[in-house]
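Structure first, commentary second.
The values are calculated or read from the model by the stated rules, or taken from the named source; none is laboratory data. Remember, predicted model here, so these are calculated numbers, not experimental data. Neighbour counts run over all protein chains shown; Cβ positions are idealised from the backbone, glycine included.
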Amino acid sequence: MDSFQSFIKEYGGDPDFKALILDTISQYFPEHLSKLKKFFSEGDYISLRKQAHAMKGSAASLGMKEIAEYALIIQTLEVDDAVVYEQQISKIEQELSNAEKILADSGL
């Protein structure tokens, strides 16, 4: 999550961008995470990979390198592996929690 902290320090001063970051972290990513969990629990791995692709791009654009990497693993896994999917979803959830803490600590 160091990449996200650096990103916030560099770009967090712009009020419009700050609003975008807050909206993305508080609304957009939780929706993505909820869909990842839903598709996983339903065994719908095609939709899971598509959702991971969408999340990857959003995460990368906000300097959330770790989330983008975990989403990429889900997106590109060649053999459906429920254990790997579950591990990556859990890691994404933890990183989102860390991001929320970073935002709170930064005063955004």
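Structure summary
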| quantity | calculated |
| --- | --- |
| Qualifying residue in the range 64-75 (condition: loosely packed, with under 13 Cβ neighbours inside 10 Å and part of a helix (DSSP H, G or I)) | no |
| Close pairs from the range 69-84: first in contact (Cβ under 8 Å) with a residue 40 or more places away in the chain, partner assigned to a helix (DSSP H, G or I) and buried (at least 16 other Cβ atoms within 10 Å of the Cβ), Cβ under 9 Å, at least 6 apart | 82/40; 82/45 |
| Unmet criterion (only one of (1) closer than 15 Å to residue 102 by Cα; (2) modelled with pLDDT of 95 or more) for residue 38 | (1) |
| Only listed residue being aliphatic (A, V, I, L, M) and closer than 20 Å to residue 4 by Cβ, chosen from 82, 104 | 104 |
| Residues satisfying the stated conditions in the range 76-108, i.e. at pLDDT 90 or above, among the β-branched types (Val, Ile, Thr) and surrounded by fewer than 18 Cβ atoms within 10 Å (Cβ to Cβ) | 76, 83, 84 |
| Pairs where the first residue, in the range 38-57, is at positive phi and the second is surrounded by fewer than 13 Cβ atoms within 10 Å (Cβ to Cβ), C-beta under 9 Å, 6+ apart | 43/80; 43/82 |
| Residues being out of contact with any Phe, Trp or Tyr (no Cβ under 7 Å at 6 or more places or on another chain), assigned to a helix (DSSP H, G or I) and over 12 Å from residue 56 (Cα atoms) - total across the range 76-94 | 7 |
| Residues of the range 38-51 classified as surrounded by 21 or more Cβ atoms within 10 Å (Cβ to Cβ), in contact with a Ser or Thr (Cβ under 9 Å, 6 or more places away or on another chain) and not aromatic (Phe, Trp, Tyr), total | 0 |
| Hey, residue 4 surrounded by 21 or more Cβ atoms within 10 Å (Cβ to Cβ), in a helix (DSSP H, G or I), modelled with pLDDT under 90 and among the aromatic types (Phe, Trp, Tyr) or not | yes |
| Residue under evaluation residue 34, criteria (1) over 16 Å from residue 106 (Cα atoms); (2) in contact with a helix residue (DSSP H, G or I) (Cβ under 6 Å, 6 or more places away or on another chain), criterion not met | (2) |
